[in-house]
Each structure stands twice: as C-alpha cells, then as structure tokens.
Amino acid sequence: MIELESVSLRYGPKVIFNEIGVVINARDRIGLVGSNGAGKTTLIKSLLGTTEVDSGRIEMAKLVSLGYLPQDGVSISGLPLRQEVEEAFESVIELRGHLDDANTKLDQLSPESEAYHDLLELMGGWEHELDMHEAHKVKSKVESVLLGLGFQMSDMARSTDEFSGGWKMRIALAKLLLKQPSLLLLDEPTNHLDIESLQWLENYLKSYEGALLIVSHDRAFLDTLCNKVFALSMGRLDVYAGNYSYFESESSVRMELLEKAYNNQQRKLDKTERFIERFRYKSSKAKQVQSRVKALEKVDRIEIEDTEKQINFSFLPPPRSGQKVLEVSGLHKSYEDLKVLSGIDFSLEREDRVAVVGVNGAGKSTLVRIIAGEEPYQAGEFELGHKVVPAYFAQHQADILDEDDTALSVVERASPSGEVGRARSILGSFLFEGDDVFKKVGVLSGGERNRLALAKILLARSNFLILDEPTNHLDMASKDRLQAALADYSGTMLIVSHDRDFLEPLVTKVLEVSHNSIRWYYGSLSHYLQKKEEEALAQSAVVSSAVSSQDSGMNSKERRQHNARIREKLKPQKQVIEKCEMQIARLEDRVAQLEEKMKDPEFFKLGDETQAAMTEYDSSKRKIERLMEDWEKATDTLAELEQDLR
C-alpha cells in the first residue's frame, strides 16, 4: 500500500532518518515508537507530504487515502456539533446537494419535456448512490461515535466553538473515524481521552477496516491494538512483528545478541592485529601478514551505536507527616451556572496511593487544583494534616511556568534554602545539560516542560504528591523511570491519569469523580475497571429484562413461530463460529511453531528463509485477527438471537 525506500532527512547536524525503508500494508496495525525528538511526528508528516525528505522515495498505491489526527492545533468551523461531524460524509452531502438542486429545477420544467425525464433519471442514480452509502444511517453513525467519545445527546446542537481544546480534539477524531481513510495516522490520540472513552476507542479501532499507524506512550493501548512496531532511534527504523511488549523483549534480545557478536568480532580483530604488528617486519611471515591485512580490510565490522540518553532520578526520602494528610468537607465549586463539585467529602491517610478518574469535564483537574491551592472555590473547606508538604504537577505546564524564565532559574527558585547548588545536578539527571540549562521556558517542548516540572517536585522534598496527567508528553522511557521512582516513593500520592499501564502498579485506591459526586473503589485500577464492567453488565441485564417483559404479550402459536424463525437464523452463525475456531486453532499452532524457531538466535541469520518465515508469521497473525473479528461478530449475533428466544 505504502513503501518507503532509502529515505533520509537531516536537520542541520542531527540525523532524523538515515536511509530508512519500510512497507505499510492494507491491514497493518503499527505502533510508531521512539523517544521525544526521534522523528515520529516528522515521519507522519513525510507520509502526508507536508515535510519534504532529503533523499529516497515514498510510494503510495492509487486510491490510498490518509487521515491524520495531530497532537494539537485542530481547526473546527463553529457549526453545531452533529452538523460539524456529518461533514465527514462529503460524498453524501454532495449527493444530497445535487438532489436538492434537481428538485428545484424540476419545478421549473415541464413534465412532458425531455429535460424533465433526463433529470429524473439522474436523480434516480443519485438516490441509488445514497442508498449504497447508507445515507439513512449517517445520523445514527455520527451519534454513535460521538457518544462513544464521551459527548452527550444534549451536546448535539451545541456550537463547536463552545467546547474546550480537548473536546475539539475529540470532534476532530470523530470526523476522522467516520471518514474511514485507508491509513489512520494518530499522534497521541489518548492524550485528551478519559478511561471510558479510551476503552471505546480501542474497541472501535479493533474492527477498523483500514491500516493504523499510532504514536502513543500508552503501553496498554499499543499492546491491545498493534501487531507491528516501527522503532525510531538515532536515525534508524527497526521493524518488530508483534505488539509493544513483544518489541520491548525482542529489542533487548537483539541488542544482547549484537553486543555478543560485536565482542566476539573485536576479540578476533584484536588477535589478527597483534599478529600483524608482531610479524610486520619478518620476511618469513610477510605472506601471512599480507593475507591478514587483506582479510581485515574485507571485514564487515559490527557497530554498536550510541543509545539515547534517559532521565535518571529517584525521590529523596520525604519527611514524615501526620496520619491524616487531607480532610475535605462540603466542597462546592461552580463556574457561573455550571456546578462541578457539590458537597464533596473525603479524607486521605498517610501513604494512600489514589488514582482520580472520571469522564472529562467531571471535575478531576478542578478538584486537584483546589487541593493544591491553585483554584478558588465557593463553599466548604479542605485542610492539610500535620507537617504535610504538598507538591503539585499541573497538567498544562504553560499555565504555571513563566515563559521568560530559564530552566536553571526555575529549578533554583524551587530549591530549598542551602540546596541551590544541586540545581544543575538535578537538571542534568533530567537531560538538561550544558547550555540547555539556560533555555527559556517559552522555547521548551512539551516533554522538556514536563521534565522541568518533575525536577521542581524532586527538589521540593514533598510528602504529598498531587499529579495531574504527569505522563502527557513524556516518552516511554521517561514514563517508566517516573513510574519506578513513584513505586519507591514512601509519601502520599493523588494522581489524575488515564494511563492504565502507568497507574496499575502504583495505586491502591480509586476515586471516581462524576458530576457533583464522588465514589471510592478500594483496590488497583484493574479492580476498578472490572467493577465498572460488572456494573455495566448488570445495568444491561435490567434493560434487557424490561424489554423482554414488554414483548411477552405473544400467544403460544406466535411464540412458536417466532422461535422457529430465530432458530433458523442460529444455524449459519453456529457454522461460522465452528469454522473460525478450526481455522484459528490451525493458525495458532503454526504461529507457535514459528515463535519457537524465533527463540533460536541462529534463526535471524538464515536470510531468505528468515524473511519468508517472518512474512508467514505476520500473515498468520493478521488472519487470526480477522478470524477473531468474524468469530466475535458471529458470537455476538448468536447471543442476541438466543436472547430473543421466547
């Protein structure tokens, strides 16, 4: 579908792409990974044609369409929400326009004229095309996607100008999903989503007909969706046939094998060079020396390239606080007529590790800003406990950092008395080295601002961390380092985040914020998600029971006829399920055989045989994925039909 061949790009002395080559196929699900600045967004813009490469070529098959969701900067026209998103169906809108114009012209033509009949024939063709595009389903498709992304039915008529930047990103995502391009290019699509809408998006993308290329620092999201990883680093692009977890384990194996091969080669080269040096001037050994010199010149030397630097820090032991860390009583917060928090009561104890979750707009960030002392409120109170020292990480660093400050001055001001000298050392551990410490905040990237904010928190020696989306703009390695540091932290934590993989090993309680209320779940984030799923199933069962009771007015003959029709529909679904299960079992056996071969380091040295096996592996995984989709659809249909039996 799309092929990159020997693509190179430099920005001054920095190599972004060094003759990279790769193929994107029609059903690929690709995770594009790499540290901040590795070139992920640049690669996407190169595919779109908005960034020109220095050399190489990017070939695209005919009729391939690309759809791009950037990290920010989307433009919305200001139409009512439903109308704005319906613009994704350009062909339907165009056909409807033709029909409206034609209806106007028909009133001006004589029914006996040839032009009248010609126009009627055209209209028939347009109406047929509308049927093919399922124009009658446009409204329901639009509403289904918008509701899945967290909008309410009451939002459908609202002007898109009324929504915040995060919600505008969701509007852009909805339009993109409904356009269904051949390749979806998604740059950090989860940054503006809450956990509920993120799970909906995952399920939607699982059955997406086209290809996906996703930049994300959400490991769980990549693991769920991707069957291939493109890893960008130091100008290279390496391909891994598996999800992100496979990439992590396989990349470390590859590096270990490469280092072993490099060390073995270095020992042999050293031995040869010592022989040459020892016998260089002995005429009796001249022939052997020349032979070894020529052999050295022909050696294809293995190179171990420099690895990218990573942040490296840990929290200092925090001072011990009292047992009661926070007491919130009767808290009320409104923005004019909009109530956000109403009569909220809760408390935190020392060493509590709490995730704050809920849909966007429910008041999560508002709550933590109030607790951090950054946001006023109308009524109620909150009180910090004895010797509690809070430190706050804001979601939007641009709102709290002075753009004219330098990185060094920001950290020096945050340093406790007598520890200003540690500022440069701390900045170095967060990758601000040399003249980087004099960079102004205004020119820092999102990732650099986040690292600077983390450095401030490290210096504060806090025993109560209040973190609002701390992983946004952090690359995977930096996020892992932060997660490890927080796991070792002995103070109290209150974390707003939608990153499930990040939260899972850290939190022991979940505080769900909904409009005007809160609810506690005691346990890990996975426990919370399981409970929410059970609650949703229970609610669905209640609705199904109500519907069944409404339909129970059939007499016995009607019920038998109804059940006979249902059973007739059950047969093909059972056949599809059985066929899928047989094919999946066969393919999974083959995949297992290939994976067993891959465990042998020698497997990757077999040239064409390796390539053929990897191609078969990728193909089998894709077939299993498609068969699983067919199996799921048939299973769902079967369950619905069986539920309809009376």
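Within segment 267-284, the residues that satisfy the criterion of being part of a helix (DSSP H, G or I) and either out of contact with any Lys or Arg (no Cβ under 9 Å at 6 or more places or on another chain) or at pLDDT below 80 (or both) are ARG267, LYS268, ASP270, LYS271, ARG274, GLU277, SER283, SER284.
Please find, among VAL340, VAL289, the residue that is in the same structural domain as ASP488 (by TED's automatic domain parsing) and among the β-branched types (Val, Ile, Thr).
VAL340
Take the conditions over 22 Å from the mean Cα position of the chain (by Cα), surrounded by 11 or more Cβ atoms within 10 Å (Cβ to Cβ), of a type outside the set (Val, Ile, Thr) and modelled with pLDDT of 75 or more and apply them to ARG559. Does it pass?
Spelling it out, it is not the case that ARG559 is over 22 Å from the mean Cα position of the chain (by Cα), surrounded by 11 or more Cβ atoms within 10 Å (Cβ to Cβ), of a type outside the set (Val, Ile, Thr) and modelled with pLDDT of 75 or more.
Taken as a whole, the structure leaves ASP589 outside the set of residues that are in a helix (DSSP H, G or I) and surrounded by 15 or more Cβ atoms within 10 Å (Cβ to Cβ). Checked against (1) modelled with pLDDT of 90 or more; (2) closer than 30 Å to ALA231 by Cβ, SER321 meets all criteria but (2). One residue alone among LEU109, LEU119, LEU130, LEU95 is in contact with a helix residue (DSSP H, G or I) (Cβ under 6 Å, 6 or more places away or on another chain) and at pLDDT 75 or above, and that residue is LEU109. Restricting to segment 570-591, and then to whatever is in contact with a Lys or Arg (Cβ under 9 Å, 6 or more places away or on another chain) and hydrophobic (A, V, I, L, M, F, W, C), can you tell me which residue is farthest from THR637 (Cα to Cα)? Per the stated criteria, the residue is VAL591.
Across segment 622-646, the number of residues qualifying as touching a helix residue (DSSP H, G or I) at 6+ places or on another chain (Cβ under 6 Å), of a type in the set (D, E, K, R) and part of a helix (DSSP H, G or I) comes to 2. Residues that are surrounded by fewer than 20 Cβ atoms within 10 Å (Cβ to Cβ) and assigned by TED's automatic domain parsing to the domain that holds VAL340 number at least 3 in the following strands (runs of 3 or more DSSP E) confined to segment 452-548: 517-522.
Determine whether PHE430 is aromatic (Phe, Trp, Tyr), in contact (Cβ under 8 Å) with a residue 24 or more places away in the chain and over 20 Å from LEU316 (Cα atoms). Please lay out each step first, then the result.
Details: aromatic (Phe, Trp, Tyr): yes; in contact (Cβ under 8 Å) with a residue 24 or more places away in the chain: yes; over 20 Å from LEU316 (Cα atoms): no.
Answer is no for this residue.
Comparison of ASP352, ASP337 shows that the only residue that is without any contact (Cβ under 8 Å) to a residue 40 or more places away in the chain and either surrounded by 18 or more Cβ atoms within 10 Å (Cβ to Cβ) or over 34 Å from the mean Cα position of the chain (by Cα) (or both) is ASP337.
The residues of segment 142-153 that are without any contact (Cβ under 8 Å) to a residue 40 or more places away in the chain and not in a loop (DSSP other than H, G, I, E, B), listed by number, are SER144, LEU147, MET153. Within segment 173-192, one or more residues are touching a His at 6+ places or on another chain (Cβ under 8 Å), outside any helix (DSSP H, G or I) and at pLDDT 85 or above. Scanning segment 602-621 for residues that are assigned to a helix (DSSP H, G or I) and loosely packed, with under 11 Cβ neighbours inside 10 Å turns up GLU602, ASP608, GLN611.
Among the residues of segment 495-514, none is identified as more than 15 Å from VAL368 (Cβ to Cβ), modelled with pLDDT of 90 or more and in contact with a Gly (Cβ under 6 Å, 6 or more places away or on another chain).
The single condition among (1) in contact with a Lys or Arg (Cβ under 8 Å, 6 or more places away or on another chain); (2) over 26 Å from CYS226 (Cα atoms); (3) of a type outside the set (A, V, I, L, M, F, W, C) that ARG567 does not meet is (1).
Go over the candidates VAL64, VAL23 one by one and state the one that is in contact with an Asp or Glu (Cβ under 6 Å, 6 or more places away or on another chain), closer than 22 Å to SER207 by Cα and of a type in the set (A, V, I, L, M). Break it down into steps so the answer makes sense when it comes.
Values: VAL64 fails: in contact with an Asp or Glu (Cβ under 6 Å, 6 or more places away or on another chain).
None of the others qualify; the one that does is VAL23.
When only residues in segment 361-404 that are on the phi > 0 side of the Ramachandran plot, in a loop (DSSP other than H, G, I, E, B) and surrounded by 17 or more Cβ atoms within 10 Å (Cβ to Cβ) count, which is farthest from the chain's Cα centre (by Cα)?
Looking only at segment 361-404, we keep the residues that are on the phi > 0 side of the Ramachandran plot, and these are 361, 363, 373, 380, 387.
Now narrow it down to the ones that are in a loop (DSSP other than H, G, I, E, B): 361, 363, 373, 387.
Going one step further and asking which of them are surrounded by 17 or more Cβ atoms within 10 Å (Cβ to Cβ), we end up with 361, 363.
Details: GLY361: 20, GLY363: 23 Å.
The residue in question is GLY363.
Whether any residue in segment 515-525 is modelled with pLDDT under 80 and either farther than 27 Å from SER321 by Cβ or of a type outside the set (Phe, Trp, Tyr) (or both) is what I want to check.
Let us first name the residues in segment 515-525 that are modelled with pLDDT under 80, namely 515-516.
Narrowing the set further to residues that are either farther than 27 Å from SER321 by Cβ or of a type outside the set (Phe, Trp, Tyr) (or both) leaves 515-516.
Scanning segment 515-525 turns up at least one residue that is modelled with pLDDT under 80 and either farther than 27 Å from SER321 by Cβ or of a type outside the set (Phe, Trp, Tyr) (or both).
The values are calculated or read from the model by the stated rules, or taken from the named source; none is laboratory data. The model shown is predicted, which means the values in this text are computed figures rather than measured ones. Glycine gets a Cβ as well: all are built from the backbone with ideal geometry, and neighbour counts include every protein chain shown.
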